[in-house]
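Report on the structure given below.
We did not get these values from a lab; they are worked out from the coordinates using the rules stated. All values reported here derive from a predicted model rather than from experimental measurement. Heads up, the Cβs are rebuilt from the backbone with ideal geometry, glycines too, and the neighbour counts pull from every protein chain shown.
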Amino acid sequence: MLTKPLEQTYYIIDFDSTFTKVEALDVLGEISLVGRPDRDDVLNEIKAITDRGMSGEISFTDSLVLRLNLLKAHKSQLPALVETLMGKISDSFQRNKQFLTENAETIYIVSNGFKEFIIPIVTSLGVRAENVFANTFELDENGAIVGFDSENPLSSNGGKSQVIRNLNLDGEVYVIGDGYTDYEIKASGLANRFYAFTENVMRPRVVAQADHVAPSLDEFLYHNNLSRSQSYPKSRIKVLLLENVHPNAIQLFEQEGFNVEIRKGALDEEELIEAIRDVSILGIRSKTNVTARVLEHANKLMTVGAFCIGTNQIDLDACTEKGIAVFNAPYSNTRSVVELAIGEIIMLIRSIVPKSNLMHKGGWDKSANNSFEVRGKKLGLVGYGNIGTQLSVVAEALGMEVYFYDAVDKLSLGNARKCKSLDELLAISDIISLHTDGRKENKNLISYREFGLMKNGVIFLNLSRGHIVDIPALVDAIERGKVAGAGVDVFPNEPKTNNEEFISRLRNLPNVILTPHIGGSTEEAQANIGSFVPSKLLEYINNGSTYGSVNFPELQLPLLKGAHRLLHVHENVPGILAKMNTIFAKHHINIHGQYLKTNEKIGYVITDVAKEYAEEVVEELKDIDNTIKFRLLY
Ligand SMILES: NC(=O)c1ccc[n+]([C@@H]2O[C@H](COP(=O)([O-])OP(=O)(O)OC[C@H]3O[C@@H](n4cnc5c(N)ncnc54)[C@H](O)[C@@H]3O)[C@@H](O)[C@H]2O)c1
Ligand SMILES: O=C(O)[C@H](O)COP(=O)(O)O
């Protein structure tokens, strides 16, 4: 009996703004017009002509003639063009070389661009030179580019359809491109599906005609269940970044192909519940509270990045119970806080604020009254963690005597002296600076009793968390002169955005420096955080590593190579690993590597297995009792 052979699938791929991120003739213009005073004007004119050609205002042939005339390019400039384009290959094409190579026989590049630059680029990723259909340049005797082969159908409107018709492909034909001319192949009845490719440009008119929108090549491959580098296309994974996180972070996520949404301010609980439903990766700073109620609505959430040090705004227990890994930036803004604290200590002990305020009103108070040096003064640090210790070292360099009290036993740096109790530290210090973490138990750590223990005329700083100080008690201490100067950067209630009013009883008190929670807000710190936190989140998403997580068992994993990685998060109860391995044994699965780590709440097992395994293994692993989350990477 004759069996019908499986139908062949052909892939027709556009070049400009699809295979590469840019329009090659625009790049050629940037090269050929170097040194011309009117370069920018001419480049804009070229772009305008490209658009007129694309919108149908002028014919494609006319647009080509006009552009080549303006470009005044020479064949000697083509190597530089190719070199530039090599660096501009679309990210998702670069990471899917395997698909392009394995399917080289049935992949065609059909473009209105030119073979001279297309062939070197696409063949570098495995596409065959003979499968490139594009124009060719016409040169004069000196090598100047003066025209194109006008016999080539691709130099005129409708050229792409004509090329496909001539190819007479017997099978399914899928077209991937960003332009209307790519859609026209399908419109002419020559393709089964048109995928609008939007990784580089999104043309609403083209998207409207698409059978499917592909924000990346991964999406196309996933949609067709083809071999690909991403098990699940990142363009389907939503990243929500709040509170004006640094552009470094946005760029890192976009570069990897994620679907990134950014918002400037913080969100309140209701707003976050609404926003978080389809979010997989959430980035926040100190003002967004990720509560258990929010997490109830966060069914896709895999990880949270705190783009700051503090994580007290996140319900870490609830995250752990839901298998959501949380990361922060434990050191990136430490130095910024330390520098601000030192600056404020000097300003406050010299009573600079009232003097400066007076001068702004026309006054002049030249006197040494209530102005002191910091040298030889006793600085008391409450909390001797990353910030406390660094402040200790810098303050000693200024000649201060440093004392500290920490809830846990800490090694003193330099000549810093450890106090046995908070009370001892409060009584001894001329200047007190708070640097404890924001755990709930620290609420009102400093209240009336504690101010009562301090020296008269003490300088007091809080750059840690607002709820650690009882504000009415601080106001009272300032009004009574107990506290001679205060620097406060953090408050129990802070405005969510720069447009909200700051309401506090600390306003308009003498010798008080108020700052809007900017201890860590320096360009350097924010840029560091903007790279550091995404690197942690991406290591977790891409590789499963949890090194540096504040709530997950920490595992630093080898890069995944030649295997599939199964990530299993479960409640920490006995016997889970045994159950998993029974499933692997039953299905004769060869394990390349296995890693397990637990904390008091959860267990995290990573198993690298040979690529071939039965689908039901995944279902059986997910069905193990006490499973919280399961993920598959390859
Ligand atoms: N103002 C800002 O912009 C800004 C910037 C960065 C960090 N912070 C805040 O500064 C604080 C310190 O940050 P860090 O990086 O040094 O944190 P850290 O975790 O390294 O250190 C905190 C220290 O406080 C100690 N501690 C906790 N409770 C205590 C208590 N009741 N008494 C004594 N010691 C106690 C801990 O044992 C720990 O050693 C945190 O609250 C953080 O959120 C604020
Ligand atoms: O925890 C921190 O790092 C600081 O409080 C800074 O928070 P921010 O990023 O919201 O300024």
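Some observations on this one:
- For a label point 7 Å along the Cα-to-beta-carbon line of Asp170, residues of region 91-118 with backbone N under 16 Å: 106
- Relative contact order %, region 9-223, counting alpha carbon pairs below 8 Å whose residues are six or more apart: 24 percent
- Considering region 334-521, its Cα convex hull presents a mean projected area of 10.8 nm².
- Label point distance in nm, Tyr232-Ile518, each placed 7 Å from Cα along Cα→Cβ: 4.1 nm
- Label-point separation, Lys410 to Thr582 (7 Å along Cα→Cβ), nm: 4.9 nm
- For Arg480 and Ala48, the difference between the fully extended length at 0.36 nm per residue and the C-alpha to C-alpha distance is 148.5 nm.
- Of Lys234/Lys496; Lys234/Lys561; Lys264/Lys443; Lys97/Lys622; Lys88/Lys115; Lys300/Lys622, pairs whose Cα-Cα distance is over 21 Å: Lys234/Lys496; Lys264/Lys443; Lys97/Lys622
- The value of relative contact order for the chain, using C-alpha pairs under 8 Å at least six residues apart, is 9 percent.
- In the calculated pair-distance distribution of the chain, the portion above 38 angstrom amounts to 52 percent of the Cα-Cα pairs.
- Remark: the Asp365-Lys443 segment gains 24.2 nm on full extension, using 0.36 nm per residue and subtracting the alpha carbon distance.
- Per the Kirkwood formula applied to alpha carbons, region 559-633 shows a radius of gyration over Rh ratio, Rg over Rh, of 0.93.
- At R0 = 56 Å, FRET efficiency that the Cβ-Cβ distance of Lys264 and Gln8 yields, to 0.05: 0.65
- Virtual paramagnetic centre 7 Å along Cα→Cβ of Ala187, amide N under 14 Å, in region 157-173: 157-162
- Region 247-318 and region 514-554 have Cα centres lying 13 Å from one another.
- Summing charges over all other residues whose Cβ lies under 9 Å from the Cβ of Phe137, with Lys and Arg as +1 and Asp and Glu as -1, gives -1.
- Cα gyration tensor shape of region 242-348, rounded if a/c is under 1.5, else prolate or oblate by comparing a/b with b/c: prolate
- Fully extended contour minus Cα-Cα distance, from Leu559 to Glu83, at 0.36 nm per residue: 168.3 nm
- Mean residue ellipticity, 222 nm, helices only, the chain: the sum of -39500 (n - 2.57) across DSSP H runs of n ≥ 4, divided by residue count and rounded to 500, is -10000 deg cm²/dmol.
- For region 99-196, the relative contact order works out to 19 percent when only alpha carbon pairs closer than 8 Å and six or more residues apart are counted.
- Across region 9-223, Cα-Cα distances exceeding 22 Å account for 47% of all pairs.
- Sites Asn493 and Val207, calculated FRET efficiency, Cβ-Cβ separation with R0 45 Å, nearest 0.05: 0.50
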